[in-house]
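Notes follow once the structure below has been shown.
No lab work stands behind these numbers, since they all come straight from the coordinates. Note that the structure is predicted; figures quoted are calculated from it, not measured. Backbone-built Cβ (ideal geometry, glycine too); neighbour counts: all protein chains shown.
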């Protein structure tokens, strides 16, 4: 009895308990939201540190050579190219790493699992140049609209970057794309890249040539049944990929010409700016070999 009466005296009235619960309700909700946010940050943080951090470092290095404005635009165009690969890879359900930037070496993503057939590999390969070229086109349009030579020079560089990556050789995107057309296209692509490396010596180009050799050698050996199935592509898919591939090349060449004409047509306030535009375009040429996406399956023995 005493115990009961004491408990009754110590227990808060029912209305007080209701007020406390009502007051703590928003705090509990806020706490849950914060916990969910922290969980997402824990998941996203490595990506932000890897991609965002490497982007900032790359922008800083390029800015010392070509100025911060061009450096920011240049790296963003490369990022959008890589996003094209990511989006298509995710569409096929492939696990893929976040983009990684290395100044003067490249930007790349890695597939954590190999494409299941040549059609899938080609689709992931062409996703980058398509997104990258579209980004360059939007940059080009903005440059014309605002009369900004910098944006048009960036667009020209973006076009050239994506055109270079469409070369049908090795680890470049074009080498992935032509797996759905004919792997024998690797041979003229290899010759073209070798000629470019001879006439314009670049250590990255020679590295790409060396990395392309396994695929070149694979053309002259007997394929296993699994490898033959990998390269089996329906005629409709082959025609579709061929149309996208060669159509994209033609469109980029035309847009490069238009950008060149626009750069010559726009008035340049000073000789220094004209020289700067030439440097920006040169940056696109020099950086062409650094934009690549090693999305292949070397470990599978198909190359």
Which value in nm describes the separation of the simple spin-label points at residue 213 and residue 145, placed 7 Å from the Cα toward the beta carbon?
4.9 nm
If each residue of separation counts as 0.36 nm, what is the full-extension length gain between residue 246 and residue 61 once their alpha-carbon separation is subtracted?
63.2 nm
Could you sort the peptides 255-264, 222-231 by per-residue average Cβ neighbour count (10 Å cutoff), highest mean leading?
255-264, 222-231
Gained length - residue 203 relative to residue 187, 0.36 nm times residue gap less alpha-carbon distance
3.7 nm
